[in-house]
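Worksheet: one structure, shown below.
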Amino acid sequence: MSTRQKTILGCSVVSYLLVLYSFFRFDLWCILLFFILHSLVLLTLAFLFWKNNMDDNDLIELQAKYQKAAADNETLADSLREKLDEQTRLCEKKDQDLMDANLRIHALNEELSGVRASADSAQAALAEAENEEAFEALLPPIDPNEDPNETIDIIQIAKETIHELSGFAKKANLDIVLSAPENTMLVKASRGRLRILFRNIIDNSIKYMNRSGSLLITISNIGDDIFIVLKDNGNGLSEHETKHIFELNYQGTNRVSGNGLGLTQAKAIVDYYGGSIYAKSMIGRGMGIYIQLPTT
């Protein structure tokens, strides 16, 4: 019971006592006044009880609505949790599928890389075999009576070749000079092939000098190798063109009549005997051919 209800109830008791008191005094107006007052207090008290009862009912109804809303929210939350769990499972499955796909792609890429490497290796081997066959085809034939690996004096071979081409060199105003620290240097090779090696390189200088000049041929022996340098002071070639002068039929920008076979055949001879050959040149500074040949 609230404080207001208790107060009204106390007032109703007091008013009732006053009504009783007025009865004992036999005062009609007093009886009537206190009776009306007592009735008003009782009505007020009844109204307060009714209002309080209505408030309690509203509170109960509100609590019921709150409980229903809470239950609905919990049901909705459970539904959302289930959907979230399902979406999470789907995402995890997609992530796993994506990871598996990436692993398969990686494996396929590795397999493809292996296949490509094998194909490149096979293609390189085929190209190397074709190059070897091409270079072997470029090798000049050997006289049946000649030993392809006889011990010969390379200095003498160089002198003979220079003498053979001296007439052509003179017409081209090319002075050929041979320099060697020894009179004799021995190497195992074909006499005819070495003569062609020198002839092709010297002939190349005669063709491409395009002016009076000189060709210096230096032959030296270091350890088990013979080193030959043929350096002219002609017009030379660019670095780009120099890289290609040993390719078949390559003649460069200063091309002249010929089949472009000379330096390619020279490389084939050097390769056949296990040596190496390369060129260095700059425009306006001549051409240098560098050869290494094993002595045995």
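Kindly indicate whether residue 196 is out of contact with any Cys (no Cβ under 8 Å at 6 or more places or on another chain), farther than 23 Å from residue 273 by Cα, surrounded by 14 or more Cβ atoms within 10 Å (Cβ to Cβ) and not polar (S, T, N, Q). Here the answer is no, as residue 196 does not meet what is asked. Residues of the stretch 170-215 that are under 51 Å from the mean Cα position of the chain (by Cα), of a type in the set (S, T, N, Q) and in a loop (DSSP other than H, G, I, E, B): 190, 210.
For the stretch 277-289, the criterion of a residue being touching a strand residue (DSSP E or B) at 6+ places or on another chain (Cβ under 9 Å), open to solvent by 50 Å² or more (accessible area, probe 1.4 Å), modelled with pLDDT of 90 or more and not polar (S, T, N, Q) is satisfied by at least one position.
Does the stretch 140-161 include one or more residues that are exposed (fewer than 10 other Cβ atoms within 10 Å of the Cβ) and at pLDDT below 80? Yes, because at least one residue in the stretch 140-161 is exposed (fewer than 10 other Cβ atoms within 10 Å of the Cβ) and at pLDDT below 80.
Here are some residues: 85, 55. Which one is at pLDDT 75 or above and either open to solvent by 70 Å² or more (accessible area, probe 1.4 Å) or among the charged types (D, E, K, R) (or both)? Answer to the selection: 85. Checking each residue in the stretch 162-189 for being open to solvent by 20 Å² or more (accessible area, probe 1.4 Å) and aliphatic (A, V, I, L, M) picks out 162, 172, 176, 177, 178, 180, 186.
Note on the stretch 162-209: residues that are among the basic types (Lys, Arg) and in contact with a strand residue (DSSP E or B) (Cβ under 6 Å, 6 or more places away or on another chain) total 2. Within the stretch 223-232, at least one residue is touching a residue at least 60 places away in the same chain (Cβ under 8 Å), β-branched (Val, Ile, Thr), surrounded by fewer than 19 Cβ atoms within 10 Å (Cβ to Cβ) and touching a strand residue (DSSP E or B) at 6+ places or on another chain (Cβ under 7 Å). Within the stretch 184-203, residues that are within 11 Å of residue 267 (Cα to Cα) and in contact (Cβ under 8 Å) with a residue 12 or more places away in the chain have Cβ atoms under 6 Å from residues that are assigned to a helix (DSSP H, G or I) and open to solvent by 20 Å² or more (accessible area, probe 1.4 Å) in these pairs: 200/262; 200/265, counting only partners at least 6 apart in sequence or on another chain.
The values are calculated or read from the model by the stated rules, or taken from the named source; none is laboratory data. All values reported here derive from a predicted model rather than from experimental measurement. Cβ atoms come from the backbone with ideal geometry, glycine included; neighbour counts cover every protein chain shown. For the accessible areas, the whole protein counts, side chains as well, though only heavy atoms, and no ligand, DNA or RNA atoms are used. Shrake-Rupley method; radii C 1.70, N 1.55, O 1.52, S 1.80 Å.
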